[in-house]
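Below is one structure; the comments refer to it alone.
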Amino acid sequence: MNTNDWSKEKRILVVMRKLLANIVKDTAPRPGLHHPLKEQTIQDIREGFKLISARERELAEEAGLIVRDRPRYADEPQKTKVVSFKSVKNSRSEESMD
C-alpha cells in the first residue's frame, strides 16, 4: 500500500506509534539506573500503544486485509490440514462403487 493512499487517520496512527517508540528508546536508562519517566507515564505510553494497535487492526479489517493475531513459525504445528483434491476424488469414487 502506498503511503499516499493511506487515510489521514492511518498516517496519524503511524506517526504517533513511531513518536512513542522513539520516546521510549530515547529515555531508556542504562542498566542499573532509574527510569526518568514516572510509572504512570510509562503506563500511559503502554495504553497509547494498545489503543493505536486496536485502531490499526480495526482499519485493516475495514479495508478487508487479513489480520493475524501473531506470526506462525515454521516449526509450529499447523492447526489446519491440507487435503489434496486427488484424495477427495478417490474417496468419492470409492463411495460410488458401494
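The values are calculated or read from the model by the stated rules, or taken from the named source; none is laboratory data. From a predicted model like this one, the values you see are computed outputs, not experimental measurements. Every residue, glycine among them, receives a Cβ derived from its backbone with ideal geometry; neighbour counts consider all protein chains shown. Heavy atoms of the whole protein, side chains included, go into the accessibility calculation; ligands, DNA and RNA do not. Shrake-Rupley method; radii C 1.70, N 1.55, O 1.52, S 1.80 Å.
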For residue 37, indicate whether it is touching a residue at least 40 places away in the same chain (Cβ under 8 Å) and in contact with a helix residue (DSSP H, G or I) (Cβ under 7 Å, 6 or more places away or on another chain). no
Across (1) at pLDDT 80 or above; (2) within 20 Å of residue 10 (Cα to Cα); (3) open to solvent by less than 100 Å² (accessible area, probe 1.4 Å); (4) not β-branched (Val, Ile, Thr), residue 32 clears everything bar (2)
Quick check, is residue 39 on the phi < 0 side of the Ramachandran plot and within 16 Å of the chain's Cα centre (by Cα)? no
